[in-house]
Amino acid sequence: MLSPKTQTNLKNAKGYFEEHLCVGDYYAECQCVQDEWFGEGAALLGLNGKVSRDQFLALCENQHPASRELLTQRQNTTRQDGVGEVANRRVFYDFTFSPPKSVSIATLVGGDQRIIAAHNRAVKIALKELEQFAGARVRARKSNSDRRTGNIVAALFQHDTSRALDPHLHTHCIIFNATHDDREGCWKALQNYEMLGAQKYAENVYYHELAHALRACGYTIVNAAHGDFEIAEISRELCDRFSKRHREIDEKTRAFLALHPKQTANYILPAVSTPSVGCIGGTWTPSSLTNAPSPREFHTAVWTGSEMIVWGGFDGSSYFNTGGRYNPTTDSWTATSTTNAPTGRRDHTAVWTGSEMIVWGGYSGNSYLNTGGRYDPTADSWTATSTTNAPTGRSYHTAVWDDLGNVMIVWGGSDSSGYFNSGGRYNPGTDSWTATSTSNAPEARDQHRSVWDDVDRLMIVWAGYNGHSYLNTGGKYNPITNRWTATSTTNAPEARITHTAVWTGSEMIVWGGNGCCPTYFNTGGRYNPTTDSWTATSTTNAPTGRIYHTALWTNSQMIVWGGGDASTHFNTGGRYCVQSGAPTPTPTATPTSTATPTPTPAVTTNPATNVASFSAALNGSLNPRGSTTTVYFQFGLTTSYGSTTPMQTQTGNTIRAISANISGLAASHVYHFRIVAHNGGGTAFGSDRTFTTLSATGVSGRYDQSGNQCGQVFSYPQWGSQSPRLKHYRAFPVWKHD
């Protein structure tokens, strides 16, 4: 978890260091506190290594830690508030990174010191990503705007207990209200608006890096409903035992609501009953039919963290643009809006982004669609998706959500003319599409299924139909390297189509569907991408075999609903429990040591060169750190980027320059870019940088229908060395892209 807090009181800020940070949160004996400086801004001030009291308090006073000169421009740093002298500005921001409870138990109770190192590394990688969003206000020449600075002054304090003295590994990242504006050559107050907006992104980076390291240490990762995870080897009971602080908060909340019922805005949390019998492995429980959407098949479903959203589909005569939200806690349904909803369809896809459901593609009864929509369940509203550069209209394709790259990846499917092994990546932030590679992709198919492995960042595709046979083959797609790897067929379920697949945090579970003859399956399998192996699912009390149903994962169970067979459309379903629970480990046990994890590559984004009206050269540096590494640049008009340069492969253990030429840019625009590298140790992102393309300064209307010659010729200024006022010009072709 990443939680920010602002400190505005100067006296409290000083006390925060004396009484809270440097001695440990809560005065526990043997409390472990580790501190260090971090950030490019800190380096500019000459701050490195351990955090001293004098340095920390000087920055609280808005003073240079060495010269004691005023750091930022604000002069009136204090004011009287009736009770004494207080700060007249924000002193610092406390961004606190905390791993899941099971992680704290494994390292602080179980004694696995590797986890502390993994936590510290994940914090620094995430904070480095957050640093690129730092900014400052621009007020020169009557301007009233903000400018990216990309540097912070931060003091990191690692602690290991909570106020209730529970094991609680966490790091306070104290980010001072100062950043250096390189363009104006001075220190300014930190503009943290974009940093706060990127909070969830930084949290996801932290979780991703930590989970990757934990898996390398031999732990099993199980995803939780709200985007975090737990270690499967640590039981829920053990986590509850070491969560006294959480129970204290719950008790105080209940007491407050009892004393102040009118302040709850008449909102009542749904009651959560404790079943008399816990989750039993291989068992099913029927779901409610009250207010459920009408019977259908070929629909989609997503999981929001608390609800399943079902949408679209076909009942044999009608194509639906209706749906419903199912709450498994209350076992109840609520209808979705149809206002501005996409055209009714079947065989489309849907993904959940964390705040919206995106549906795309499918068949409307008379055409194959490349349209879609974004559904916001909070507002119960729809927004259309762009069709520019979208993949060819299709149905029976699949789609997954890359939560770190913030893109929907679409792959496969078919239309009336054939089968696809192509796809596209959709960025909702820019409402734009980028094609995916077909190199080494699985053979073209439809009616397959895909899941997103959010630990290793892989799209896993399995089964389907290629036009003449049913398949039990598949592939794992890495969007960072843009490469495919085949999945094993040993012990894989029977070849099939129209089945479902869900991701549990460590496995893909496939279930149902049909093969030749036809056979309607109530069988399935669990695929482990780490071991590239399959395990069969139980058939005891499983729902009737079916096709075109939906399934999703709730963090502990797979929910199946709807579908049909040769004679019936179902509005029934069930819940499948993978196991009854993980065994509680001995608190002092340490997992068996594994090989040293592969180091993540080291990258730096360097300034762009050869910037023209429509082209530029992007530059950076890379150290592969001993492993085969793929490297490329992301670029675009915003920090969502949206475009990438071709992959380059590097090996070795030395720093080397990386460059890539880009063209087809727009004149007089500001572009963002950064370097990205990936190897077996993980993914590294360089800081965001910007450049501004030159203006177009002349036009000749030449057009070549061949598409291989330039369509128009512009001129752009190239500054000479003889005089700062002398401009030189040369012709530059703008290539026509189909």
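Bear in mind these aren't lab numbers, they're just calculated from the coordinates by the rules spelled out. Since this is a predicted model, take the numbers as computed values, not measurements. Don't worry about glycine lacking a Cβ; one is built from the backbone with ideal geometry, like all the others, and counts go over all protein chains shown.
Each semi-axis of the equivalent ellipsoid for the stretch 602-692 is √(5λ) with λ an eigenvalue of the Cα gyration tensor; in descending order they amount to 24, 12, 10 Å. Out of every Cα pair in the stretch 298-436, what percent are spaced more than 23 Å from each other? That fraction is 29 percent.
Among the trypsin sites (Lys or Arg not before Pro) found in the stretch 471-552, not one is both in a DSSP coil and sparsely packed, with 15 or fewer other Cβ atoms within 10 Å of its Cβ. For the peptides 318-331, 42-55, the ranking by mean Cβ contacts within 10 Å, running from highest to lowest, is 318-331, 42-55.
With r as the distance between the Cβ atoms of D565 and N606 and R0 = 51 Å, compute the FRET efficiency 1/(1 + (r/R0)^6) and round to 0.05.
On the way: r = 60 Å, r/R0 = 1.18.
That pair, N606 with D565, gives E of 0.25.
The local environment of K200, defined by Cβ-Cβ distances under 12 Å, has a net charge of -4 under the rule Lys, Arg +1 and Asp, Glu -1.
FRET efficiency for T387 and D331, Cβ-Cβ distance as r, R0 = 41 Å, nearest 0.05?
On the way: r = 39 Å, r/R0 = 0.95.
Computed FRET efficiency for T387 and D331: 0.60.
Take the Cβ-Cβ distance between T490 and I655 as r, set R0 to 41 Å, and report the resulting FRET efficiency rounded to the nearest 0.05.
Values: r = 42 Å, r/R0 = 1.03.
Using R0 = 41 Å, I get an efficiency of 0.45.
Want the number for C186 to Q648: 0.36 nm per residue separation, take away the alpha-carbon distance, what's left? Walk me through the numbers on the way to the answer.
Working: separation 462, 0.36 × 462 = 166.32 nm, distance 3.75 nm.
Full-extension gain reported as 162.6 nm.
Average projection, convex hull of the Cα set of the stretch 423-569: 10.0 square nanometres.
Extending 7 Å from the Cα toward the beta-carbon at both R90 and T535 defines two label points whose distance is 4.7 nm.
Using the structure shown, select from K11/K128; K14/K124; K101/K124; K11/K124; K11/K200 the pairs with a Cα to Cα distance greater than 22 angstrom. Pairs exceeding 22 Å: K11/K128; K14/K124; K11/K124; K11/K200.
So for each of 169-180, 127-138, 661-672 I average, over its residues, the number of other beta carbons within 10 Å; can you give me the resulting order with the highest mean first?
Working: 169-180: 24.7, 127-138: 22.0, 661-672: 14.6.
Ranked from most to least packed, the peptides come out as 169-180, 127-138, 661-672.
Quick one: compute the contact order of the stretch 439-577, relative version, from alpha carbon pairs under 8 angstrom and 6+ residues apart, as a percent.
Details: 344 pairs, mean separation 22.5, N = 139.
Over the stretch 439-577, the number comes to 16 percent.
Judged by the mean number of other Cβ atoms found within 10 Å, the most tightly packed of the peptides 193-202, 622-631 leads the ranking 622-631, 193-202.
Placing a label point 7 Å from the Cα of S67 along the Cα-to-Cβ direction, no residue of the stretch 88-118 has a backbone N closer than 15 Å.
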